[in-house]
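Below is one structure, written out as C-alpha cells; the observations come after it.
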Amino acid sequence: MKTTLISVTELAALKSDDVLIVDCRYDQFDAQKGERDYHTEHIPGAVFASLDHDLADLGRIPLGLGRHPLPSEEAFSASLGKWGWGPGLQVVCYDAGNGALAAARLWWLLRVTGIKEAAVLDGGFAAWKSAGQPVEQATPQRKPMHVSLHYDASQFLVDHAAAGKLKQELLLDARATPRYRGEVEPLDRAAGHVPGAANRPFTENLEADGRFKPAATLKQEFLTVLGNRAPNQVVHMCGSGVTACHNLLAMEHAGLSGSRLYAPSWSGWVSDPSRPIETSAGGTGSS
C-alpha cells in the first residue's frame, strides 16, 4: 500500500485490477486543457478527474469559500463511484508534472474521507513519459460503484474567523513568494497574505526534475519553518486550497503527520473586503 508518493516503476508493476489511476491534469488559465490532454493520451486505464467539477464545487463560490470550494460529501462520493473505486483499492493520482495542482488535492480529499491507500505519482505524467512507459487514448470502462463517504472535519478549516485568530498554530501559505508578499496577484481580487501567515512555496518541495525531494530533506526543511511547533499545529493555505495540499503531502511524506488545511484559503479570505491583509512591508489594511 502506498500512502504518499509512488514512483513510475512501482506504478508500472501494479496489475490493472489492483489500482485506480486518476488523471488530474489541470491548467489554471485554461480549465479545459487538462481534459483535452487526457483524451489525447493518458496512462493506460486512467480515468479523468476535473478539478472544477469532481474535486471542487464552483456553485459554492458565492458563499465566500474560495475559488475551489470543497465538493459536498455526496458529490465526491459520486465521483469515486463513477470511477469504480471500492474499499481497499489503491488509488494513484497524477498531474502533468509535479503534482502541485489537482493530484495533491485528490490525494488529500481521499485522506479526509478515511481512504489511506492513495498516492501521488512522483514526477507525474512527464516522468511516466520520459521513462518510456505506454500511453493510450481509449477511455476505460469501469464498473460504477455505490459509494457513501464522509469528511473528517477535524482535518480542515472553513471558518475564516478561526483562520484569522490562530495563536499556537502556524498558518503556512504555499503560494509563490511574490504573491504572498503582495507584489503580484494574477488570480484573486486583492494581493498580500493573511496577517501572521508564514510562506513556504510548494515549489520548494521539488527537485529540478519535478520529483519530490528526499523525505529526510523535506523533514529538515519543514522543521526549520515550524520552529518549536508540532506538525499538528500547522494549517496550510494557498490561493484556493489546492496547492496547499502539496505542502501537506510533502509533510506527510517526510513523516510530519497531522497538519490541516484552511480550505477557502486566500481567495476565500479576500471575499470579504473588511478582512485585513498584510504585505511584505508588514502593513495591514482592508482587502
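The values are calculated or read from the model by the stated rules, or taken from the named source; none is laboratory data. Treat the numbers as computed from the prediction; the structure is a model and nothing was measured. Note that each Cβ is placed from the backbone with ideal geometry, even for glycine, and that neighbours are counted across all protein chains shown. Accessible surface is based on the protein model in full, side chains and every heavy atom, while ligands, DNA and RNA are left aside. Shrake-Rupley method; radii C 1.70, N 1.55, O 1.52, S 1.80 Å.
Some observations on this one:
- Segment 50-111 and segment 189-254 have Cα centres lying 20 Å from one another.
- Relative to the longest principal axis of the Cα atoms of the chain, helix 102-112 runs at roughly 90 degrees.
- Tilt relative to the chain, helix 215-226 - C-alpha long axis, 0 to 90 degrees, to 10: 20 degrees
- Of (i) 49, 45, 40; (ii) 54, 40, 32; (iii) 54, 47, 35, the label for Cα extents along the principal axes in Å derived from the coordinates: (ii)
- Average projection, convex hull of the Cα set of segment 200-260: 3.8 square nanometres.
- For segment 59-150, the share of alpha carbon pairs falling in successive 5 Å distance bins from zero is 2, 13, 17, 22, 20, 15, 8, 3, 1, 0 percent.
- Helix-only CD estimate at 222 nm, as mean residue ellipticity for the chain, using -39500 (n - 2.57) per DSSP H run (n ≥ 4): -7000 deg cm²/dmol
- Val47 sits among other residues whose Cβ lies under 10 Å from its own Cβ, and their net charge, with Lys and Arg +1 and Asp and Glu -1, is 0.
- Apportionment of accessible area to carbon and sulfur, segment 70-225, percent (1.4 Å): 54 percent
- Sparsely packed trypsin sites (Lys or Arg not before Pro) within segment 139-246, loop by DSSP, other Cβ within 10 Å at most 12: Lys165, Lys167, Arg189
- Listed residues Glu74, Glu35, Glu252, most fluctuating in the chain (Gaussian network, C-alpha, under 10 Å): Glu74
- Residue-normalised accessible area of the chain, expressed per residue, 1.4 Å probe, Å²: 42 Å²
- Note on the chain: antiparallel DSSP beta bridges, both residues inside, total approximately 25 percent of the bridges counted.
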